[in-house]
1. Quick check on my filter: what residues within segment 67-78 are without any contact (Cβ under 8 Å) to a residue 24 or more places away in the chain and more than 12 Å from the chain's Cα centre (by Cα)?
2. Hey, does segment 95-111 have a residue that's open to solvent by 40 Å² or more (accessible area, probe 1.4 Å), more than 15 Å from the chain's Cα centre (by Cα) and more than 18 Å from V19 (Cα to Cα)?
3. For segment 15-27, state whether one or more residues are in contact (Cβ under 8 Å) with a residue 60 or more places away in the chain, closer than 24 Å to T118 by Cα and buried (at least 17 other Cβ atoms within 10 Å of the Cβ).
4. Could you pull out the residue among A132, A114 that is small (G, A, S) and over 25 Å from L23 (Cβ atoms)?
5. Specify the residue that is nearest to T91 (Cα to Cα); the eligible residues are those in segment 49-69 that are of a type in the set (K, R) and surrounded by fewer than 19 Cβ atoms within 10 Å (Cβ to Cβ).
6. Could you tell me which numbered condition S35 fails, if it satisfies all but one of (1) open to solvent by 30 Å² or more (accessible area, probe 1.4 Å); (2) of a type in the set (S, T, N, Q); (3) touching a residue at least 40 places away in the same chain (Cβ under 8 Å)?
7. If A132 satisfies all but one of (1) within 21 Å of D4 (Cα to Cα); (2) of a type outside the set (S, T, Y); (3) touching a strand residue (DSSP E or B) at 6+ places or on another chain (Cβ under 9 Å), what's the number of the condition it fails?
Amino acid sequence: MVADRIEREIVIAAPPERVWAVLTDPAFLGTWFGSGAPAELDLRPGGRLVFDRLGEGSVPARIERVEPPRRLAYRWSQGLPGQEPDAGNSTLVEFTLVPDGAVTRLRMVESGFAALDTTQDVRRARREQNSAGWHHKLAELRQHTEQLVV
C-alpha cells in the first residue's frame, strides 16, 4: 500500500507576509516549478494555476483555498501534461504559514496519492518523486525568500 501523504516543515527567516508574497508570485512560481516563464495564476478559490514545464508540457492546478497570509491550497494533476486536475488524477498541496517570533514556520502537506486512478507502482513512483522534489523545492523557497531585499 502507498502512503497517502508527504509532510514537510521548514523555518524561514522572514515574516509570513513575505513568505506569502513569494509563494504566490507568478514569476517565482514559474521559476520554482516551471520553465522560467511566469506561471499563470488566478489566486482565488476555483482559479487556475498553470506551471509550464519546458519540454514536458504544462501542469495545471486548481486553487482550493486562499487565506492570505496563512493558507494556500491547490489540487494539481499527477497525470499527463496538460491534463486538468480531477478526483482520480490529482493530489492536494496545502501550505500553512505560522508566525513564530521573527521567523515563519511553513508546513506543506501533499495528500491523495492513494486515491490516484492508476497502478500501485505508478502511485508509489509519483509519491517518491514528489517527496524528493519537495525537499529541494522548499529549500529553494526558503533561500529565495530570505535573500529578498525589502
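The values are calculated or read from the model by the stated rules, or taken from the named source; none is laboratory data. As the structure is a computational prediction, the values presented were derived from the model and not from experiment. When we count neighbours, we look across all protein chains shown, and the Cβ atoms used for this are built from the backbone with ideal geometry, even at glycine. Accessible surface areas use protein heavy atoms only, side chains included; no ligands, DNA or RNA. Shrake-Rupley method; radii C 1.70, N 1.55, O 1.52, S 1.80 Å.
1. E67
2. No.
3. Checking segment 15-27: not a single residue is in contact (Cβ under 8 Å) with a residue 60 or more places away in the chain, closer than 24 Å to T118 by Cα and buried (at least 17 other Cβ atoms within 10 Å of the Cβ).
4. Working: A132 fails: over 25 Å from L23 (Cβ atoms).
Selected residue: A114, the only one of A132, A114 that is small (G, A, S) and over 25 Å from L23 (Cβ atoms).
5. Start the filter on segment 49-69 by keeping residues that are of a type in the set (K, R), which leaves 53, 62, 65.
Now restrict to residues that are surrounded by fewer than 19 Cβ atoms within 10 Å (Cβ to Cβ): 53, 65.
Details: R53: 18, R65: 14 Å.
Ranking the candidates gives R65 first.
6. (3)
7. With respect to (1) within 21 Å of D4 (Cα to Cα); (2) of a type outside the set (S, T, Y); (3) touching a strand residue (DSSP E or B) at 6+ places or on another chain (Cβ under 9 Å), A132 is out only on (3).
Matching residues to (1) closer than 20 Å to D86 by Cα; (2) touching a strand residue (DSSP E or B) at 6+ places or on another chain (Cβ under 7 Å):
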{"position": "V19", "(1), (2)": "no, yes"}
{"position": "L23", "(1), (2)": "no, yes"}
{"position": "F28", "(1), (2)": "no, no"}
{"position": "F51", "(1), (2)": "yes, yes"}
{"position": "S58", "(1), (2)": "yes, yes"}
{"position": "E67", "(1), (2)": "no, no"}
{"position": "L72", "(1), (2)": "yes, yes"}
